[in-house]
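Participant: Take a look at the following structure, please.
The values are calculated or read from the model by the stated rules, or taken from the named source; none is laboratory data. All values reported here derive from a predicted model rather than from experimental measurement. All Cβ positions, glycine included, derive from the backbone under ideal geometry; neighbour counts span all protein chains shown.
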Amino acid sequence: MIPEMQAHAGAQGRRRRSGSAAAYVLLLLALAAGQALAEPSSPTPTAAVYDFTEPVTWEGRLVGRRAADAVFLALTEEGQWAQADRVTLQRMCEREGIGPPFGVGHLQMLGERLSAPLAVTGLVEVFEVNPTRGAVQATLLVELVEAIGGASLTSVRGVSSARRSEEEVEPLAVVADRALAEAAGDVARALTGFGRVVASVVMPLPDGRVVLEGPEKPPLSPGDKLLVMRGERALGVLQVATVQHTVIHATPLSGEGFAAGDRALLVAR
């Protein structure tokens, strides 16, 4: 073959190889995109924060409502859960004539209306005000309840104290709100500090247990509670019984009809 023809054939071969490589890269990208689309998204559960039971001190100052507002804001900042609108919830409670402490039936009814399967209820356990020193001590006892079957998932405490600034004269109500905000921050971190952990339902077993495939890191542990969701609809709560590597067996605390592909989100441990 003459040199000019050899050079031309070599150039064509290089173009074909380059085109084939580009097509291969595009094929890999398309497959990766298809896998990403096929992977089910992780839904975000919604929690409703209910007004807390009032302390015996500082009556008429709506301390229970202010404490609940502080927890609502702290949970919003943590970003782990979606939050049911507090004003809408308060109006529902007023129409129904109910308030703290809330019974399980009320939590189930309101949770269904709000599409909020998680209920955050609480008690202002300690609220000590010292007007002379301008100091406030607060302790919040908070319970997380699943509003499908009404089971208690966990309870946590937040403790704090705040004093009036010496540089500027603060109203005692401002000091009280700072104390409640600090205690609420402790509560929010305790409720959601484990981060976002998601498992997938593999299949239900004839004995009632459910098999899940969980992540390697962070791992799930026996006793963990998982909210099972199909799309944005909550189906119930599972409690982890055994863990072997990434294979998890869990028992239902509430709900039924779990199926392969449902997503299970860690909500309490």
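Participant: More than 25 Å from Ala176 (Cβ to Cβ), surrounded by 19 or more Cβ atoms within 10 Å (Cβ to Cβ) and modelled with pLDDT of 95 or more, is that true of Glu146? Working first, answer last.
Facilitator: Values: more than 25 Å from Ala176 (Cβ to Cβ): yes; surrounded by 19 or more Cβ atoms within 10 Å (Cβ to Cβ): yes; modelled with pLDDT of 95 or more: yes.
Answer is yes for this residue.
Participant: Within region 221-258, how many residues are surrounded by 22 or more Cβ atoms within 10 Å (Cβ to Cβ) and aliphatic (A, V, I, L, M)?
Facilitator: Number satisfying all stated conditions: 10.
Participant: Restricting attention to region 179-225, report how many residues are among the small types (Gly, Ala, Ser) and touching a helix residue (DSSP H, G or I) at 6+ places or on another chain (Cβ under 6 Å).
Facilitator: Qualifying residue count, region 179-225: 4.
Participant: Sort out which residues of region 56-89 are of a type in the set (Val, Ile, Thr), closer than 24 Å to Ala268 by Cα and touching a residue at least 40 places away in the same chain (Cβ under 8 Å), and write them in order of number.
Facilitator: Matches in region 56-89: Val71 only.
Participant: Sticking with this one: Starting from residues that are of a type outside the set (D, E, K, R) and crowded, with 18+ Cβ neighbours inside 10 Å, keep the ones in region 47-56 and report whichever is modelled with the lowest pLDDT. Working first, answer last.
Facilitator: Step one: list which residues in region 47-56 are of a type outside the set (D, E, K, R), which gives 47-50, 52-53, 55-56.
Next, from what is left, pick out any that are crowded, with 18+ Cβ neighbours inside 10 Å: 47-50, 52-53, 55.
Numbers: Ala47: 98, Ala48: 98, Val49: 98, Tyr50: 98, Phe52: 97, Thr53: 95, Pro55: 81.
This residue is Pro55.
Participant: Which residue pairs have Cβ atoms under 7 Å apart, sit 6 or more places apart or on different chains, and have a first residue in region 113-139 that is farther than 14 Å from Val187 by Cβ and of a type in the set (Val, Ile, Thr) and a second that is at pLDDT 95 or above and in a helix (DSSP H, G or I)?
Facilitator: Listed by first residue and then by second, the contacts come to Val136/Ala179.
Participant: Just one of the numbered conditions (1) under 12 Å from Val124 (Cα atoms); (2) within 24 Å of the chain's Cα centre (by Cα); (3) surrounded by 17 or more Cβ atoms within 10 Å (Cβ to Cβ) is not true of Ala138; which one?
Facilitator: (2)
Yes/no matrix, rows are residues, columns are (1) modelled with pLDDT under 95; (2) over 20 Å from Ser152 (Cα atoms):
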| site | (1), (2) |
| --- | --- |
| Ser20 | yes, yes |
| Gln35 | yes, yes |
| Glu39 | yes, yes |
| Trp58 | yes, yes |
| Arg65 | no, yes |
| Leu73 | no, yes |
| Gln80 | yes, no |
